[in-house]
1. Using packing as a proxy for protection, rank 126-138, 76-88 so that the peptide with the highest average count of other Cβ atoms within 10 Å comes first.
2. Computed FRET efficiency, Cβ-Cβ of Asp80 and Thr10, R0 35 Å: what is it to the nearest 0.05?
Amino acid sequence: MKTSISLLITAAIALVGALLLNNATIVSSTGLAFALGAVTVGIALSLFATKSSGDDFESVPSTSKTIYVGNLPYRANENDVKELFAKHGEVFAVRLMKDKRTGKRRGFGFVVMAAGDAPGAIETLNNSEYGERTLKVREANDPRKSERA
């Protein structure tokens, strides 16, 4: 939806540019005036986009790290694990793995946290007791890295 609106705005601006260039008698062909108007708009939008992206640094989300959490109690749910990790930093997502056939939890999952908070959470929660079980917490392997190796 956003792309189609951008295309409509770009086409409208290019059309206005073509009309202005055509009426200024600099360019005699309407097609050439439209093409020059489109190129001008493209250059203006690319310059505007690079300027605005640098100015709005705070809106860029912080980087994140995925953490593997093993030996979880089977009764633990996503909210429980999120609360546990939220004590150590900002948690973006929690995904606990389930068996495909039975739908029961498998006792491990993944937590996505802010990159700056992840090392502290790993150090604090690894080998700690939770629900009468000793957690195994470490940085998750990046599947894309293992595919390249």
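Computed from the coordinates by the stated procedures, all read-outs in this text should not be read as laboratory data. What you are looking at is a predicted structure, and each value in this text was computed from that prediction instead of being measured. Here the Cβ positions follow ideal geometry from the backbone for every residue, glycine too, while neighbour counts run over all protein chains shown.
1. Output ranking for 126-138, 76-88: 76-88, 126-138.
2. 0.10
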